[in-house]
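Here's the structure, in structure tokens; my notes come after.
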């Protein structure tokens, strides 16, 4: 529930892997259908921006790149397009640098095998690389913050559970620290 005049970002999560043994087809028709569905999120009330959340594997990157190009071409020019980005995409693996997006949100949580290294890098005051990755942060409500973040940046907060009013107090306290 949000106030009627609040602008919102429509987030679309893409899951491609059905099983460890069955690879996704990643066809042009799938990309066209996904693009159409994402574009339709602009018809929802108060949507002013679009975000794609897709943890593309190395073999899925060209599919994702072409999907984002087609999506950017179909969105109105004034509509911001962002993606969530695995933290590794924003420190060394810079394949996203030329994507047709306005922002890549580095997910500073659930970083897997890179977690210790990335947390240490951020705790030491180093930043994510690449202009697209230096506009915002993605954090999780259920994970501690181990870095100091630039307060001028936008913060996207992910919650693995339905939001409750008490979560806002937890979030405010964590961001204040």
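The values are calculated or read from the model by the stated rules, or taken from the named source; none is laboratory data. Bear in mind that the values here come from a model prediction, so they are computed numbers and not experimental data. Ideal geometry is used to build each Cβ from the backbone, glycine not excepted, and the neighbour counts take in all protein chains shown.
Selection of region 102-119 for residues being surrounded by fewer than 20 Cβ atoms within 10 Å (Cβ to Cβ) and modelled with pLDDT of 90 or more yields only 102. Scanning region 120-135 for residues that are over 19 Å from the mean Cα position of the chain (by Cα) and surrounded by fewer than 16 Cβ atoms within 10 Å (Cβ to Cβ) gives 120, 123, 124, 125, 126. Of everything in region 3-17 that is part of a loop (DSSP other than H, G, I, E, B) and touching a helix residue (DSSP H, G or I) at 6+ places or on another chain (Cβ under 8 Å), the residue that is nearest to residue 52 (Cα to Cα) is 14.
Every residue in region 136-156 that is more than 13 Å from residue 110 (Cα to Cα) and surrounded by 10 or more Cβ atoms within 10 Å (Cβ to Cβ), please. Across region 136-156, the qualifying residues are 136, 137, 147, 148, 149, 150, 153, 154, 155, 156. Is it true that some residue in region 157-176 is within 16 Å of residue 55 (Cβ to Cβ), in contact (Cβ under 8 Å) with a residue 12 or more places away in the chain and touching a strand residue (DSSP E or B) at 6+ places or on another chain (Cβ under 8 Å)? Looking through region 157-176, at least one residue is within 16 Å of residue 55 (Cβ to Cβ), in contact (Cβ under 8 Å) with a residue 12 or more places away in the chain and touching a strand residue (DSSP E or B) at 6+ places or on another chain (Cβ under 8 Å).
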